[in-house]
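The values are calculated or read from the model by the stated rules, or taken from the named source; none is laboratory data. Computed from a prediction, not measured in an experiment: that's the story for all the values here. Don't worry about glycine lacking a Cβ; one is built from the backbone with ideal geometry, like all the others, and counts go over all protein chains shown. For accessibility, only protein heavy atoms count, side chains too; no ligands or nucleic acids. Shrake-Rupley method; radii C 1.70, N 1.55, O 1.52, S 1.80 Å.
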Amino acid sequence: MREEELIVYKDFADGKILKDMVWLMEHYRSGDSGARPLLYDCMHGLLEMAADHGFYGNLWHCYLTNLLVNNENSYSMACEIRGAVEGSINGLVLHDITIFREFYEYDFTEMVEILRAPEFYTILSYESPSQDSKVYNKRIRDRICHLSEQFMANENAQAMKDTLTEFYQEYGVGKFGLHKAFRVVHEDTGARIVPIQNIAHVYLDDLVGYEIPKKKLVDNTEAFVAGRRANNCLLFGDAGTGKSSSVKAIANEYYDRGLRIIEIYKHQFQDLSDVISQIKNRNYKFIIYMDDLSFEDFEIEYKYLKAVIEGGLEKKPENVLIYATSNRRHLVRENYSDKEDRRAEDMHAGDTVQEKLSLVYRFGVSIFFCAPDKKQFQQIVRTLAERCGIEMPEEELYLEANKWELAHGGLSGRTAQQFIDYLLGKG
């Protein structure tokens, strides 16, 4: 086999099974006593992969397909979102796909017979005991399994390459292509961007009311995704009014158009430059999301954020925006003493005020989410009750909802949803 002749598709993150299987293909006839145990080790690895990824069918083919859709190289990253590219790279990729086609078409019959491992046939036609995936959502998992079948149906390596290129255009490549949301982990080597496996499946239509704030958010995001000029956004206002849910909904609404969300916390702001350097040359649009953002007097992390948003020597990439939510309009805590001109300890009180306001001024769009009044609260409750099939006289529904909100945080969309969940829990 020609695994070492690969040119573009190399350095696979999960490539151990491939190396071991290639060794077996070349040495199973040699009588090496380690061949049979190695085949069983490979079977174990493929089963573990199936359990983590939710794969089914021919697990060897699923494994190879997973390598191809996750390998971030010069070709796959050029094709993500944009589709087929021109140039000499196509010939080199076709060379690699021809080698991979040999792996797909390999006949294991003689190997299984010589190594006395009939259990391997189960690996080639596997029925998964669970439909769950710890790595992909169901749509992506099924698409990868189907892609492995498409490769076998392709008549030659060129057709297989075209099929793979179409996948890159539709879904992208690697973690950024196959996931919609991410978090940041700080390691000794720097910041690592890690996929979030389960993001809430909330959509803008699920959020009752707040039509004006939602429209402002959609208009800005629409411009960003379409490649037009857009602004960093601050969503501020009362607790429980749907600020965070709106950002999650944006992630779900625009995923198919190449939008990705990276969540970061204020103690990680020193990693912002590192994070941006990892995403600035990708063909996706990224929103760096900061939830419940606010700072006390003694916290200086906001200075990192100021420099990244606007003010550093390096221009913020055009494929990156920052969206933040906060219950505090000006983000940094202010005191009356900040505006007291005669404070002995601060000769320039006006400068102190400007320093604390300078962060919020760098968000071009500020969107206010206010708590609903009683009538609006009742409308939210009624709409949610209808969606959930709760049958209760309207007067009784409002009476119970009012009792609930008095004891559970006041008038807000969150309180209304919690009340509906309470009714559903009663059965």
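I'd like the distance between the alpha-carbon centres of region 227-242 and region 195-214, rounded to an integer number of Å.
13 Å
In nm, give the distance between the simple-model label positions of residue 223 and residue 424, each being 7 Å from the Cα along the Cα-to-Cβ direction.
Those two pseudo-labels are separated by 3.6 nm.
Quick check: at a probe of 1.4 Å, how many percent of the accessible area of the chain sits on carbon and sulfur atoms?
About 49 percent, which is the carbon plus sulfur part of the accessible surface.
What order do 82, 229, 414 take when sorted by accessible area (1.4 Å probe), most exposed first?
In descending accessible area the options line up as 229, 82, 414.
Enumerate the calculated ³J(HN,Hα) couplings along region 20-35 in order (Karplus 6.51 cos²θ - 1.76 cosθ + 1.60, θ = phi - 60°), each rounded to whole Hz, writing x wherever the residue is Gly or Pro.
Running phi through 6.51 cos²θ - 1.76 cosθ + 1.60 with θ = phi - 60° gives 5, 5, 5, 4, 5, 4, 8, 10, 5, 7, 6, x, 4, 5, x, 5 Hz.
What is the local net charge at residue 190, summed over the other residues whose Cβ is closer than 12 Å to its Cβ (Lys, Arg +1; Asp, Glu -1)?
Local net charge: -3.
Pull up the DSSP beta bridges for the chain and report the antiparallel fraction as a percent, rounded to 5.
Antiparallel: roughly 25 percent of the beta bridges in the chain.
Return the long-range amide H neighbours of residue 260 (sequence gap of 5 or more, or a different chain), with a cut-off of under 5 Å between placed amide H atoms.
285, 286, 287
Per residue of the chain, what 222 nm ellipticity follows from adding -39500 (n - 2.57) for every DSSP H run with n ≥ 4, rounded to the nearest 500?
The helix contribution divided over the chain gives -14500 deg cm²/dmol.
Which whole-number percent gives the relative contact order of the chain, counting Cα pairs below 8 Å spaced six or more residues apart?
In percent, rounded to a whole number, it is 14.
Residue by residue, what Karplus-based ³J(HN,Hα) values in Hz, rounded to whole numbers, does region 399-405 have, using 6.51, -1.76 and 1.60 with θ = phi - 60° and x for Gly and Pro?
5, 5, 5, 5, 4, 5, 5
Going by the alpha-carbon gyration tensor, a ≥ b ≥ c the square roots of its eigenvalues, is region 11-116 rounded (a/c under 1.5) or, if a/c is not under 1.5, prolate (a/b greater than b/c) versus oblate?
Taking the square roots of the gyration eigenvalues as a ≥ b ≥ c, region 11-116 is prolate.
Rounded to the nearest 0.05, what FRET efficiency do residue 32 and residue 8 have when you use their Cβ-Cβ distance and R0 = 25 Å?
After rounding to 0.05, the efficiency reads 0.20.
What's the whole-number percent of alpha carbon pairs in region 47-94 lying beyond 13 angstrom?
Summing the P(r) tail past 13 Å for region 47-94 gives 64 percent.
Any idea how far the Cα center of region 397-427 sits from the one of region 1-76, in Å?
Computed from Cα coordinates, the inter-centre distance equals 53 Å.
Taking the highest mean first, how do the peptides 265-275, 62-72, 394-404 order by number of other beta carbon atoms within 10 angstrom per residue?
The most tightly packed comes first, giving 62-72, 265-275, 394-404.
Counting Lys and Arg as +1 and Asp and Glu as -1, what is the net charge of the other residues whose Cβ lies under 15 Å from the Cβ of residue 3?
Net local charge, residue 3 excluded: -4.
Translational diffusion coefficient, Stokes-Einstein: compute it for region 374-416 using the Kirkwood radius over C-alpha pairs as Rh, at 25 °C and 0.890 mPa s, and state it as an integer in µm² s⁻¹.
Translational diffusion coefficient: 239 µm²/s.
Could you tell me which residue out of 389, 378, 31 lies farthest along the dipole of the chain toward its positive end? Charges go on the beta carbon: Lys and Arg +1, Asp and Glu -1, centred on the Cα centre.
Comparing the listed Cα positions along the dipole, 378 ranks first.
Suppose R0 equals 56 Å; then what is the FRET efficiency for residue 130 and residue 231 from their Cβ-Cβ distance, rounded to the nearest 0.05?
Computed FRET efficiency for residue 130 and residue 231 comes out at 0.80.
Normalised by the residues of region 91-238, what does the relative contact order come to in percent, with Cα pairs under 8 Å and at least six apart?
Relative CO of region 91-238 lands at 16 percent.
Measure off 7 Å from each Cα along the Cα-to-Cβ vector at residue 379 and residue 200, then give the distance between these two points in nanometres to one decimal.
2.2 nm
Using only alpha carbon pairs under 8 Å that are at least six residues apart, calculate the relative contact order of region 29-130 and give it in whole percent.
Result for region 29-130 is 51 percent.
Once amide H atoms are placed 1.01 Å from N in the peptide plane, what residues at a sequence separation of 5 or more from residue 126, or on another chain, have their amide H within under 5 Å of its amide H?
57, 58, 59
Which of the pairs 215/316; 280/306; 134/306; 134/316; 16/138; 266/375 have their Cα atoms more than 30 Å apart in this structure?
134/306; 134/316; 266/375
As a test of reading the structure, rank 256, 11 by solvent-accessible area (1.4 Å probe, protein chains only), most first.
11, 256
Assign unit charges at the C-beta atoms only (+1 for Lys and Arg, -1 for Asp and Glu), then state the dipole size of region 45-144 relative to its Cα centre in Debye, rounded to the nearest 20.
420 debye
Semi-axes of the chain's equivalent ellipsoid from the Cα gyration tensor, sqrt of 5 times each eigenvalue, largest first, rounded to whole Å?
50, 29, 19
What accessible area per residue comes out for the chain, rounded to a whole number of Å², with a 1.4 Å probe?
Dividing the accessible area of the chain by its residue count gives 51 Å².
In nanometres, what is the gap between the two model label sites at residue 20 and residue 158, each 7 Å from Cα along Cα-to-Cβ?
Using points 7 Å along Cα→Cβ, the separation is 3.8 nm.
Which whole-Hz couplings ³J(HN,Hα) result when phi for each residue of region 407-418 is put into the Karplus expression 6.51 cos²θ - 1.76 cosθ + 1.60, θ = phi - 60°, listed in order with x for Gly and Pro?
9, 9, x, x, 6, 6, x, 5, 4, 4, 5, 5
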